[in-house]
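Quick notes on the structure that follows.
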Amino acid sequence: GSELAMLTVAEVASRLKLNSNSENSAKLTQDKGQMKISFRKFGVACADGMEFFELKKAEKYATNLLQIYNSIIVKPTDRSGSLSVNHVKSINQFSKAFCDAKKASFKKSVIIEEYINGNEYSAETISYKGTHKIIAITKKYTTDSPYFVENGHYQPSKLGKPVLKNINLLIKKALNSLDITDGISH
């Protein structure tokens with residue numbers, strides 16, 4: 001259940017000739033900057049944003065995003081579990097959020113992206129040899145801004161069939177764009 005182990009698992013499985021995701025897939029899944037690039041390449045809808053290593057360049061970008069979206073998310077590129085994720089509503093909050101996220105990041109980079117207001121959902125899937133099966137769509141509950149730590153789930157999500165059909169198509173496209181072929185995904 002940890003993103004941190006995926007690269008090791010992929011390498012060991014490859015050497016043992018086991019069904020597994022590729023090392024490239026593990027890299028794309030662990031690195032949200034590379035994930036965002038892959039999503040765009042394959043036409044998968046995702047939040048508007050970019051990866052940054054330097055505060056000065058990031059601050060200019062954040063200023064522009066804040067003018068467009070009124071608030072943004074600042075998070076480490078390569079961590080999970082909502083660690084150092086911050087909801088920033090003004091440029092005055094940005095520098096601290098950026099430094100906290102960069103400190104938490106293994107590669108010392110930060111994703112800055114638009115904040116999308118609304119309900120949050122997750123998809124639970126199983127993939128085998130490139131065929132993906134969506135097991136459940138779950139409504140997520142999180143703590144409020146600025147950290148968004150998961151603290152509950154509701155399943156089934158109670159979304160209508162047309163919405164679920166669109167979600168299924170989007171999830172399969174996202175899994176393919178990340179070269180996921182085998183295993184479980186959340």
The helix 161-177 Cα axis meets the longest alpha-carbon principal axis of the chain at an angle in degrees, between 0 and 90 and rounded to 10, of 90 degrees
In deg cm²/dmol, rounded to 500, what helix-only [θ] at 222 nm does the chain give when every DSSP H run of at least 4 residues adds -39500 (n - 2.57) and the total is split over its residues? -12500 deg cm²/dmol
How far is it, in nm, from the label point at L83 to the one at L18 when both lie 7 Å from their Cα along the line to the Cβ? 2.4 nm
Give the Rg (one decimal place) followed by the Dmax (whole number) of segment 58-156, computed from C-alpha coordinates and expressed in Å. 15.6, 48
Quick check: with the 1.4 Å probe, what order do M6, M50 take by accessible area, largest first? M50, M6
GNM on the chain, C-alpha springs below 10 Å: top fluctuator among S22, S38, S157? S157
Rounded to the nearest 10 Å², what accessible area does L4 have for a 1.4 Å probe in the complete protein model? 100 Å²
Using alpha carbon centers only, segment 29-82 is separated from segment 109-186 by a whole-angstrom value of 18 Å
Taking the chain as the reference, fit the longest principal axis to its C-alpha atoms, fit the long axis of helix 32-41 to the helix C-alpha atoms, and give the angle between the two in degrees, 0 to 90, nearest 10. 70 degrees
Quick one: accessible surface of E51, probe radius 1.4 Å, all protein chains present, in square angstrom to the nearest 10. 40 Å²
Give me the dipole magnitude in Debye, nearest 20, for the chain about the Cα centre, with unit charges on the beta carbon: positive for Lys and Arg, negative for Asp and Glu. 280 debye
Probe 1.4 Å - accessible area at S145, Å² to nearest ten: 50 Å²
Taking the chain as a Gaussian network, Cα atoms linked when under 10 Å apart, which of G160, G43, G33 shows the biggest mean-square fluctuation? G160
Specify the angular offset, from 0 to 90 degrees and rounded to the nearest 10, of the alpha carbon long axis of helix 55-69 from the longest principal axis of the alpha carbons in the chain. 90 degrees
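Starting from 0.36 nm per residue, how many nanometres of slack lie between N168 and H186 once their C-alpha separation is accounted for? Working shown, then result.
Values: separation 18, 0.36 × 18 = 6.48 nm, distance 1.32 nm.
This chain segment gains 5.2 nm when fully extended.
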In terms of solvent-accessible area of protein heavy atoms at a 1.4 angstrom probe, what is the ranking of V88, V12, highest value first? V12, V88
For T181, T77, the accessible-area ranking with a 1.4 Å probe, largest leading, is T181, T77
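The values are calculated or read from the model by the stated rules, or taken from the named source; none is laboratory data. Small disclaimer: the values here were computed from a predicted structure and weren't measured. Note that we place each Cβ from the backbone using ideal geometry, even for glycine, and neighbour counts take in every protein chain shown. Heads up: the accessible areas ignore ligands, DNA and RNA and are worked out on the full protein's heavy atoms, side chains in. Shrake-Rupley method; radii C 1.70, N 1.55, O 1.52, S 1.80 Å.
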